[in-house]
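The values are calculated or read from the model by the stated rules, or taken from the named source; none is laboratory data. The model shown is predicted, which means the values in this text are computed figures rather than measured ones. Because the Cβ atoms are built from the backbone with ideal geometry, glycine has one as well, and the counts that use them run over all protein chains shown.
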(Lines give C-alpha, C1' and ligand atoms only; values in the text may rest on other atoms or scores of the structure.)
Protein backbone atom coordinates (compact mmCIF):
# COMPACT_ATOMS: atom_id res chain seq x y z
CA UNK A 1 0.00 0.00 0.00
CA UNK A 2 2.82 2.38 0.81
CA UNK A 3 4.31 2.00 -2.68
CA UNK A 4 0.99 2.76 -4.28
CA UNK A 5 0.50 6.00 -2.32
CA UNK A 6 4.05 7.34 -2.88
CA UNK A 7 4.01 6.85 -6.65
CA UNK A 8 1.64 9.74 -7.45
CA UNK A 9 3.65 12.09 -5.26
CA UNK A 10 6.79 11.36 -7.19
CA UNK A 11 5.10 11.82 -10.50
CA UNK A 12 3.61 15.22 -9.63
CA UNK A 13 6.75 16.75 -8.25
CA UNK A 14 8.89 16.08 -11.32
CA UNK A 15 6.80 18.21 -13.86
CA UNK A 16 6.63 21.07 -11.39
CA UNK A 17 10.38 21.41 -11.30
CA UNK A 18 10.53 21.25 -15.15
CA UNK A 19 7.90 23.99 -15.56
CA UNK A 20 9.76 26.36 -13.32
CA UNK A 21 12.91 25.75 -15.31
CA UNK A 22 11.26 26.35 -18.79
CA UNK A 23 9.16 29.49 -18.00
CA UNK A 24 11.76 32.23 -18.90
CA UNK A 25 12.59 30.55 -22.20
CA UNK A 26 8.91 30.34 -23.25
CA UNK A 27 8.33 34.00 -22.42
CA UNK A 28 11.28 34.98 -24.58
CA UNK A 29 9.99 32.85 -27.43
CA UNK A 30 6.54 34.45 -27.32
CA UNK A 31 8.08 37.93 -27.44
CA UNK A 32 10.11 36.99 -30.48
CA UNK A 33 7.03 35.63 -32.25
CA UNK A 34 5.05 38.82 -31.50
CA UNK A 35 7.81 41.05 -32.83
CA UNK A 36 8.02 38.95 -36.01
CA UNK A 37 4.25 39.18 -36.53
CA UNK A 38 4.32 42.97 -36.17
CA UNK A 39 7.16 43.17 -38.65
CA UNK A 40 5.23 41.06 -41.17
CA UNK A 41 2.06 43.17 -40.72
CA UNK A 42 3.97 46.44 -41.11
CA UNK A 43 5.72 45.14 -44.19
CA UNK A 44 2.31 44.22 -45.72
CA UNK A 45 0.98 47.69 -45.02
CA UNK A 46 3.99 49.24 -46.72
CA UNK A 47 3.52 46.94 -49.72
CA UNK A 48 -0.21 47.88 -49.93
CA UNK A 49 0.63 51.59 -49.83
CA UNK A 50 3.23 51.09 -52.49
CA UNK A 51 0.72 49.19 -54.71
CA UNK A 52 -2.01 51.93 -54.32
CA UNK A 53 0.31 54.68 -55.46
CA UNK A 54 0.23 54.96 -59.31
CA UNK A 55 3.38 54.97 -61.34
CA UNK A 56 4.68 58.43 -62.30
CA UNK A 57 4.75 57.49 -65.99
CA UNK A 58 1.09 56.55 -65.90
CA UNK A 59 0.17 59.88 -64.28
CA UNK A 60 2.19 61.87 -66.81
CA UNK A 61 0.51 60.05 -69.72
CA UNK A 62 -2.93 60.70 -68.20
CA UNK A 63 -2.15 64.39 -67.77
CA UNK A 64 -0.99 64.67 -71.38
CA UNK A 65 -4.10 62.91 -72.71
CA UNK A 66 -6.35 65.23 -70.73
CA UNK A 67 -4.51 68.28 -72.09
CA UNK A 68 -5.16 67.08 -75.64
CA UNK A 69 -8.85 66.39 -74.92
CA UNK A 70 -9.29 69.86 -73.39
CA UNK A 71 -7.66 71.51 -76.42
CA UNK A 72 -9.92 69.60 -78.79
CA UNK A 73 -12.93 70.47 -76.65
CA UNK A 74 -11.97 74.13 -76.71
CA UNK A 75 -12.01 74.30 -80.53
CA UNK A 76 -15.42 72.59 -80.66
CA UNK A 77 -17.03 74.53 -77.83
CA UNK A 78 -15.85 77.88 -79.18
CA UNK A 79 -17.65 77.17 -82.47
CA UNK A 80 -20.94 76.82 -80.61
CA UNK A 81 -22.93 79.35 -78.62
CA UNK A 82 -23.48 76.98 -75.72
CA UNK A 83 -22.82 78.76 -72.44
CA UNK A 84 -23.26 75.54 -70.48
CA UNK A 85 -20.57 73.82 -72.53
CA UNK A 86 -18.16 76.74 -71.97
CA UNK A 87 -18.72 76.71 -68.22
CA UNK A 88 -18.15 72.98 -68.17
CA UNK A 89 -14.94 73.36 -70.17
CA UNK A 90 -13.68 76.08 -67.81
CA UNK A 91 -14.35 73.77 -64.88
CA UNK A 92 -12.42 71.00 -66.64
CA UNK A 93 -9.45 73.34 -67.25
CA UNK A 94 -9.40 74.42 -63.58
CA UNK A 95 -9.48 70.81 -62.44
CA UNK A 96 -6.64 69.98 -64.82
CA UNK A 97 -4.53 72.79 -63.31
CA UNK A 98 -5.14 71.30 -59.85
CA UNK A 99 -4.07 67.91 -61.16
CA UNK A 100 -0.85 69.43 -62.56
CA UNK A 101 -0.13 71.01 -59.18
CA UNK A 102 -0.66 67.78 -57.23
CA UNK A 103 1.68 65.70 -59.36
CA UNK A 104 4.66 66.31 -56.99
CA UNK A 105 2.61 65.86 -53.78
CA UNK A 106 0.27 62.94 -54.49
CA UNK A 107 0.30 60.97 -57.68
CA UNK A 108 -2.97 59.29 -56.75
CA UNK A 109 -4.81 62.61 -56.30
CA UNK A 110 -3.28 64.02 -59.47
CA UNK A 111 -4.51 61.02 -61.48
CA UNK A 112 -8.01 61.26 -60.02
CA UNK A 113 -8.29 64.98 -60.79
CA UNK A 114 -7.05 64.70 -64.37
CA UNK A 115 -9.47 61.84 -65.12
CA UNK A 116 -12.36 63.89 -63.76
CA UNK A 117 -11.22 66.90 -65.83
CA UNK A 118 -11.12 64.72 -68.95
CA UNK A 119 -14.64 63.47 -68.30
CA UNK A 120 -15.89 67.06 -67.98
CA UNK A 121 -14.19 67.98 -71.26
CA UNK A 122 -15.90 65.09 -73.03
CA UNK A 123 -19.26 66.20 -71.61
CA UNK A 124 -18.61 69.75 -72.84
CA UNK A 125 -17.92 68.40 -76.34
CA UNK A 126 -21.12 66.34 -76.33
CA UNK A 127 -23.21 69.26 -75.09
CA UNK A 128 -21.74 71.68 -77.63
CA UNK A 129 -22.36 69.27 -80.51
CA UNK A 130 -25.88 68.57 -79.33
CA UNK A 131 -26.75 72.26 -79.19
CA UNK A 132 -25.10 72.97 -82.55
CA UNK A 133 -27.17 70.17 -84.08
CA UNK A 134 -30.31 71.61 -82.51
CA UNK A 135 -29.43 75.05 -83.88
CA UNK A 136 -28.99 73.65 -87.40
CA UNK A 137 -32.27 71.75 -87.18
CA UNK A 138 -34.10 74.84 -85.93
CA UNK A 139 -32.55 76.98 -88.68
CA UNK A 140 -33.65 74.50 -91.38
CA UNK A 141 -37.14 74.39 -89.89
CA UNK A 142 -37.27 78.21 -89.87
CA UNK A 143 -36.27 78.39 -93.53
CA UNK A 144 -38.64 75.65 -94.65
CA UNK A 145 -41.57 77.09 -92.71
CA UNK A 146 -41.01 80.62 -94.02
CA UNK A 147 -40.80 79.30 -97.58
CA UNK A 148 -44.07 77.41 -97.13
CA UNK A 149 -45.77 80.48 -95.65
CA UNK A 150 -44.72 82.54 -98.68
CA UNK A 151 -45.86 79.76 -101.04
CA UNK A 152 -49.31 79.54 -99.46
CA UNK A 153 -49.67 83.33 -99.53
CA UNK A 154 -48.71 83.48 -103.22
CA UNK A 155 -51.10 80.66 -104.09
CA UNK A 156 -53.97 82.42 -102.33
CA UNK A 157 -53.23 85.64 -104.23
CA UNK A 158 -52.70 83.91 -107.59
CA UNK A 159 -55.94 81.94 -107.44
CA UNK A 160 -57.94 84.59 -105.59
CA UNK A 161 -58.60 82.37 -102.60
CA UNK A 162 -59.59 83.67 -99.22
CA UNK A 163 -59.65 81.19 -96.40
CA UNK A 164 -60.10 82.41 -92.85
CA UNK A 165 -58.85 79.15 -91.43
CA UNK A 166 -55.68 79.26 -93.55
CA UNK A 167 -54.99 82.86 -92.50
CA UNK A 168 -55.37 81.92 -88.83
CA UNK A 169 -53.02 78.96 -89.24
CA UNK A 170 -50.39 81.11 -90.96
CA UNK A 171 -50.63 83.77 -88.25
CA UNK A 172 -50.21 81.11 -85.57
CA UNK A 173 -47.17 79.76 -87.40
CA UNK A 174 -45.51 83.19 -87.55
CA UNK A 175 -46.15 83.77 -83.84
CA UNK A 176 -44.65 80.41 -82.93
CA UNK A 177 -41.59 81.10 -85.08
CA UNK A 178 -41.03 84.38 -83.27
CA UNK A 179 -41.28 82.66 -79.88
CA UNK A 180 -38.90 79.99 -81.13
CA UNK A 181 -36.31 82.64 -82.08
CA UNK A 182 -36.53 84.16 -78.59
CA UNK A 183 -35.92 80.75 -77.03
CA UNK A 184 -32.92 80.18 -79.28
CA UNK A 185 -31.43 83.48 -78.07
CA UNK A 186 -31.93 82.23 -74.51
CA UNK A 187 -30.30 78.88 -75.42
CA UNK A 188 -33.52 76.98 -74.69
CA UNK A 189 -33.13 74.78 -77.73
CA UNK A 190 -35.56 72.01 -76.82
CA UNK A 191 -38.48 74.40 -76.44
CA UNK A 192 -37.36 76.38 -79.49
CA UNK A 193 -37.35 73.25 -81.66
CA UNK A 194 -40.77 72.20 -80.40
CA UNK A 195 -42.20 75.63 -81.29
CA UNK A 196 -40.58 75.58 -84.74
CA UNK A 197 -41.99 72.14 -85.50
CA UNK A 198 -45.45 73.23 -84.33
CA UNK A 199 -45.20 76.24 -86.65
CA UNK A 200 -44.33 73.98 -89.58
CA UNK A 201 -47.27 71.71 -88.74
CA UNK A 202 -49.66 74.70 -88.79
CA UNK A 203 -48.36 75.76 -92.20
CA UNK A 204 -48.81 72.22 -93.55
CA UNK A 205 -52.42 72.30 -92.38
CA UNK A 206 -52.91 75.62 -94.14
CA UNK A 207 -51.41 74.14 -97.33
CA UNK A 208 -53.82 71.21 -97.26
CA UNK A 209 -56.76 73.50 -96.58
CA UNK A 210 -55.89 75.81 -99.50
CA UNK A 211 -55.35 72.78 -101.73
CA UNK A 212 -58.86 71.50 -100.93
CA UNK A 213 -60.36 74.95 -101.49
CA UNK A 214 -58.50 75.35 -104.78
CA UNK A 215 -59.69 71.93 -105.98
CA UNK A 216 -63.26 72.68 -104.94
CA UNK A 217 -63.20 76.11 -106.57
CA UNK A 218 -61.76 74.74 -109.82
CA UNK A 219 -64.38 71.99 -109.96
CA UNK A 220 -67.22 74.47 -109.38
CA UNK A 221 -65.88 76.84 -112.05
CA UNK A 222 -65.49 74.06 -114.64
CA UNK A 223 -68.97 72.67 -114.03
CA UNK A 224 -70.47 76.14 -114.09
CA UNK A 225 -68.95 76.79 -117.51
CA UNK A 226 -70.39 73.52 -118.77
CA UNK A 227 -73.81 74.25 -117.29
CA UNK A 228 -73.85 77.65 -118.95
CA UNK A 229 -73.11 76.06 -122.29
CA UNK A 230 -75.82 73.45 -121.78
CA UNK A 231 -78.24 76.18 -120.71
CA UNK A 232 -77.62 78.05 -123.97
CA UNK A 233 -78.23 74.90 -126.02
CA UNK A 234 -81.37 74.10 -124.05
CA UNK A 235 -82.63 77.67 -124.59
CA UNK A 236 -82.45 77.17 -128.36
CA UNK A 237 -84.52 73.99 -128.17
CA UNK A 238 -87.03 75.50 -125.75
CA UNK A 239 -87.61 78.45 -128.07
CA UNK A 240 -88.34 76.02 -130.88
CA UNK A 241 -90.62 73.78 -128.77
CA UNK A 242 -92.32 76.66 -126.91
CA UNK A 243 -92.46 74.57 -123.73
CA UNK A 244 -93.49 76.92 -120.90
CA UNK A 245 -92.58 74.51 -118.13
CA UNK A 246 -89.13 73.95 -119.60
CA UNK A 247 -88.70 77.73 -119.93
CA UNK A 248 -89.39 78.15 -116.20
CA UNK A 249 -86.85 75.44 -115.42
CA UNK A 250 -84.34 77.20 -117.67
CA UNK A 251 -84.84 80.49 -115.82
CA UNK A 252 -84.28 78.70 -112.52
CA UNK A 253 -81.06 77.21 -113.85
CA UNK A 254 -79.89 80.68 -114.83
CA UNK A 255 -80.68 82.04 -111.38
CA UNK A 256 -78.83 79.21 -109.69
CA UNK A 257 -75.81 79.71 -111.96
CA UNK A 258 -75.76 83.40 -111.06
CA UNK A 259 -76.13 82.56 -107.37
CA UNK A 260 -73.24 80.07 -107.53
CA UNK A 261 -71.00 82.63 -109.22
CA UNK A 262 -71.94 85.20 -106.58
CA UNK A 263 -70.98 82.78 -103.80
CA UNK A 264 -67.67 82.12 -105.52
CA UNK A 265 -67.05 85.85 -105.74
CA UNK A 266 -67.74 86.09 -102.00
CA UNK A 267 -65.25 83.26 -101.41
CA UNK A 268 -67.93 81.06 -99.86
CA UNK A 269 -66.67 77.90 -101.48
CA UNK A 270 -68.66 75.25 -99.64
CA UNK A 271 -71.87 77.21 -100.17
CA UNK A 272 -70.97 77.55 -103.86
CA UNK A 273 -70.45 73.79 -104.12
CA UNK A 274 -73.86 73.10 -102.58
CA UNK A 275 -75.47 75.72 -104.83
CA UNK A 276 -73.84 74.03 -107.82
CA UNK A 277 -75.30 70.69 -106.78
CA UNK A 278 -78.76 72.27 -106.68
CA UNK A 279 -78.10 73.81 -110.08
CA UNK A 280 -77.14 70.42 -111.49
CA UNK A 281 -80.35 68.89 -110.15
CA UNK A 282 -82.41 71.61 -111.77
CA UNK A 283 -80.51 71.08 -115.01
CA UNK A 284 -81.30 67.38 -114.91
CA UNK A 285 -84.96 68.17 -114.40
CA UNK A 286 -84.71 70.39 -117.45
CA UNK A 287 -83.06 67.61 -119.44
CA UNK A 288 -85.96 65.32 -118.67
CA UNK A 289 -88.15 67.67 -120.69
CA UNK A 290 -86.32 66.40 -123.81
CA UNK A 291 -86.18 62.61 -123.43
CA UNK A 292 -86.12 62.04 -127.18
CA UNK A 293 -83.05 64.23 -127.61
CA UNK A 294 -80.78 62.49 -125.11
CA UNK A 295 -79.28 59.98 -127.52
CA UNK A 296 -78.43 62.56 -130.16
CA UNK A 297 -77.37 65.47 -127.95
CA UNK A 298 -73.96 64.85 -126.33
CA UNK A 299 -74.49 67.69 -123.86
CA UNK A 300 -77.71 66.19 -122.54
CA UNK A 301 -76.13 62.74 -122.50
CA UNK A 302 -73.22 64.11 -120.49
CA UNK A 303 -75.55 65.59 -117.91
CA UNK A 304 -77.51 62.37 -117.63
CA UNK A 305 -74.24 60.43 -117.29
CA UNK A 306 -73.17 62.69 -114.44
CA UNK A 307 -76.48 61.89 -112.77
CA UNK A 308 -75.76 58.18 -113.17
CA UNK A 309 -72.27 58.76 -111.79
CA UNK A 310 -73.63 60.42 -108.65
CA UNK A 311 -76.15 57.62 -108.23
CA UNK A 312 -73.39 55.01 -108.51
CA UNK A 313 -71.16 56.90 -106.03
CA UNK A 314 -74.00 57.02 -103.53
CA UNK A 315 -74.49 53.28 -103.81
CA UNK A 316 -70.81 52.41 -103.24
CA UNK A 317 -69.27 52.65 -99.80
CA UNK A 318 -66.47 55.22 -99.38
CA UNK A 319 -64.77 52.87 -96.89
CA UNK A 320 -62.33 50.10 -97.74
CA UNK A 321 -64.94 47.34 -98.11
CA UNK A 322 -63.30 44.56 -100.07
CA UNK A 323 -66.39 44.01 -102.24
CA UNK A 324 -66.49 47.65 -103.38
CA UNK A 325 -62.84 48.13 -104.38
CA UNK A 326 -63.39 47.12 -108.00
CA UNK A 327 -66.61 49.13 -108.23
CA UNK A 328 -64.86 52.27 -106.96
CA UNK A 329 -62.21 51.72 -109.62
CA UNK A 330 -64.90 51.64 -112.32
CA UNK A 331 -66.46 54.82 -110.92
CA UNK A 332 -63.15 56.69 -110.79
CA UNK A 333 -62.38 55.75 -114.39
CA UNK A 334 -65.92 56.75 -115.48
CA UNK A 335 -65.50 60.13 -113.79
CA UNK A 336 -62.20 60.67 -115.61
CA UNK A 337 -63.82 59.81 -118.96
CA UNK A 338 -66.73 62.18 -118.33
CA UNK A 339 -64.31 65.00 -117.50
CA UNK A 340 -62.52 64.38 -120.80
CA UNK A 341 -65.90 64.27 -122.55
CA UNK A 342 -66.75 67.69 -121.12
CA UNK A 343 -63.46 69.07 -122.42
CA UNK A 344 -64.13 67.59 -125.87
CA UNK A 345 -67.64 69.01 -125.84
CA UNK A 346 -66.32 72.45 -124.93
CA UNK A 347 -64.10 72.26 -128.05
CA UNK A 348 -67.12 71.22 -130.19
CA UNK A 349 -65.71 67.73 -130.79
CA UNK A 350 -69.06 66.01 -130.33
CA UNK A 351 -68.13 62.60 -131.79
CA UNK A 352 -65.18 62.19 -129.44
CA UNK A 353 -67.35 63.36 -126.53
CA UNK A 354 -70.06 60.78 -127.37
CA UNK A 355 -67.49 57.98 -127.52
CA UNK A 356 -66.11 58.89 -124.09
CA UNK A 357 -69.59 59.21 -122.62
CA UNK A 358 -70.60 55.76 -123.82
CA UNK A 359 -67.42 54.24 -122.36
CA UNK A 360 -68.15 55.91 -119.03
CA UNK A 361 -71.75 54.67 -118.97
CA UNK A 362 -70.56 51.11 -119.57
CA UNK A 363 -68.19 51.39 -116.61
CA UNK A 364 -70.99 52.73 -114.41
CA UNK A 365 -73.10 49.73 -115.30
CA UNK A 366 -70.23 47.44 -114.29
CA UNK A 367 -69.83 49.33 -111.01
CA UNK A 368 -73.44 48.72 -109.96
CA UNK A 369 -74.08 45.29 -111.48
CA UNK A 370 -73.45 43.52 -108.17
CA UNK A 371 -76.60 45.13 -106.79
CA UNK A 372 -78.63 42.48 -108.61
CA UNK A 373 -76.94 39.60 -106.77
CA UNK A 374 -79.02 37.40 -104.49
CA UNK A 375 -79.35 38.58 -100.90
CA UNK A 376 -81.33 37.70 -97.82
CA UNK A 377 -83.82 39.84 -95.99
CA UNK A 378 -81.75 39.64 -92.80
CA UNK A 379 -78.66 40.93 -94.60
CA UNK A 380 -80.57 43.92 -95.90
CA UNK A 381 -82.16 44.58 -92.51
CA UNK A 382 -78.71 44.47 -90.91
CA UNK A 383 -77.38 46.97 -93.46
CA UNK A 384 -80.30 49.32 -92.74
CA UNK A 385 -79.63 49.07 -89.02
CA UNK A 386 -75.95 49.89 -89.55
CA UNK A 387 -76.92 52.96 -91.56
CA UNK A 388 -79.30 54.04 -88.79
CA UNK A 389 -76.59 53.61 -86.15
CA UNK A 390 -74.18 55.65 -88.24
CA UNK A 391 -76.81 58.35 -88.57
CA UNK A 392 -77.23 58.58 -84.81
CA UNK A 393 -73.45 58.89 -84.35
CA UNK A 394 -73.13 61.56 -87.04
CA UNK A 395 -76.04 63.64 -85.74
CA UNK A 396 -74.49 63.63 -82.27
CA UNK A 397 -70.99 64.39 -83.58
CA UNK A 398 -71.91 67.33 -85.85
CA UNK A 399 -74.23 69.05 -83.41
CA UNK A 400 -73.60 72.77 -83.72
CA UNK A 401 -72.14 72.48 -87.24
CA UNK A 402 -73.62 75.37 -89.26
CA UNK A 403 -72.12 74.47 -92.65
CA UNK A 404 -74.52 75.21 -95.52
CA UNK A 405 -76.43 72.20 -96.78
CA UNK A 406 -75.77 69.94 -93.78
CA UNK A 407 -79.36 69.84 -92.63
CA UNK A 408 -80.48 69.14 -96.20
CA UNK A 409 -78.11 66.15 -96.37
CA UNK A 410 -79.37 64.85 -93.01
CA UNK A 411 -82.98 65.15 -94.21
CA UNK A 412 -82.13 63.35 -97.42
CA UNK A 413 -80.44 60.54 -95.49
CA UNK A 414 -83.45 60.15 -93.20
CA UNK A 415 -85.75 60.03 -96.23
CA UNK A 416 -83.56 57.37 -97.86
CA UNK A 417 -83.72 55.25 -94.72
CA UNK A 418 -87.49 55.56 -94.73
CA UNK A 419 -87.59 54.32 -98.31
CA UNK A 420 -85.19 51.49 -97.41
CA UNK A 421 -87.50 50.23 -94.66
CA UNK A 422 -90.50 50.54 -96.99
CA UNK A 423 -88.78 48.52 -99.73
CA UNK A 424 -87.73 45.95 -97.14
CA UNK A 425 -91.34 45.48 -96.00
CA UNK A 426 -92.42 45.11 -99.63
CA UNK A 427 -89.72 42.51 -100.28
CA UNK A 428 -87.81 44.64 -102.81
CA UNK A 429 -84.41 43.81 -101.36
CA UNK A 430 -82.09 45.34 -104.02
CA UNK A 431 -83.87 48.68 -103.78
CA UNK A 432 -83.87 48.50 -99.97
CA UNK A 433 -80.13 47.89 -99.86
CA UNK A 434 -79.44 50.63 -102.40
CA UNK A 435 -81.39 53.17 -100.34
CA UNK A 436 -79.59 52.11 -97.14
CA UNK A 437 -76.20 52.55 -98.81
CA UNK A 438 -77.18 55.95 -100.16
CA UNK A 439 -78.26 57.02 -96.65
CA UNK A 440 -74.99 55.76 -95.18
CA UNK A 441 -72.92 57.67 -97.69
CA UNK A 442 -74.94 60.84 -97.14
CA UNK A 443 -74.11 60.62 -93.44
CA UNK A 444 -70.45 60.17 -94.37
CA UNK A 445 -70.58 63.34 -96.48
CA UNK A 446 -72.03 65.28 -93.54
CA UNK A 447 -69.20 64.10 -91.33
CA UNK A 448 -66.60 65.10 -93.93
CA UNK A 449 -68.12 68.56 -94.44
CA UNK A 450 -68.32 69.36 -90.74
CA UNK A 451 -64.93 67.82 -90.04
CA UNK A 452 -63.24 70.07 -92.63
CA UNK A 453 -64.46 73.34 -91.10
Can you say whether residue 193 is at pLDDT 85 or above and either under 26 Å from residue 342 (Cβ atoms) or out of contact with any strand residue (DSSP E or B) (no Cβ under 6 Å at 6 or more places or on another chain) (or both), as far as the supplied structure shows? yes
Please find, within the range 182-193, the residue that is nearest to the chain's Cα centre (by Cα) out of those that are surrounded by 14 or more Cβ atoms within 10 Å (Cβ to Cβ) and outside any loop (DSSP other than H, G, I, E, B). 193
Using the structure shown, decide if residue 261 is modelled with pLDDT of 80 or more, buried (at least 16 other Cβ atoms within 10 Å of the Cβ) and under 16 Å from residue 160 (Cα atoms). yes
Can you name the residue in the range 370-402 that is over 29 Å from the mean Cα position of the chain (by Cα) and outside any helix (DSSP H, G or I) and, of all such residues, is modelled with the highest pLDDT? 376
Against the definition (outside the structural domain of residue 344 (by TED's automatic domain parsing), closer than 30 Å to residue 76 by Cβ, surrounded by 15 or more Cβ atoms within 10 Å (Cβ to Cβ) and touching a helix residue (DSSP H, G or I) at 6+ places or on another chain (Cβ under 6 Å)), how does residue 173 come out, yes or no? no
Can you find a residue that is modelled with pLDDT of 75 or more and either on the phi < 0 side of the Ramachandran plot or more than 49 Å from the chain's Cα centre (by Cα) (or both) anywhere in the range 282-293? yes
Got at least one residue in the range 302-310 being part of a helix (DSSP H, G or I), modelled with pLDDT of 85 or more, surrounded by fewer than 20 Cβ atoms within 10 Å (Cβ to Cβ) and more than 36 Å from the chain's Cα centre (by Cα)? no
Any residue that is within 18 Å of residue 277 (Cβ to Cβ), modelled with pLDDT of 75 or more and outside any helix (DSSP H, G or I) - is there at least one of those in the range 405-412? yes
Residue by residue through the range 411-431, note down the ones that are within 11 Å of residue 387 (Cα to Cα) and crowded, with 17+ Cβ neighbours inside 10 Å. 413, 416, 417, 420
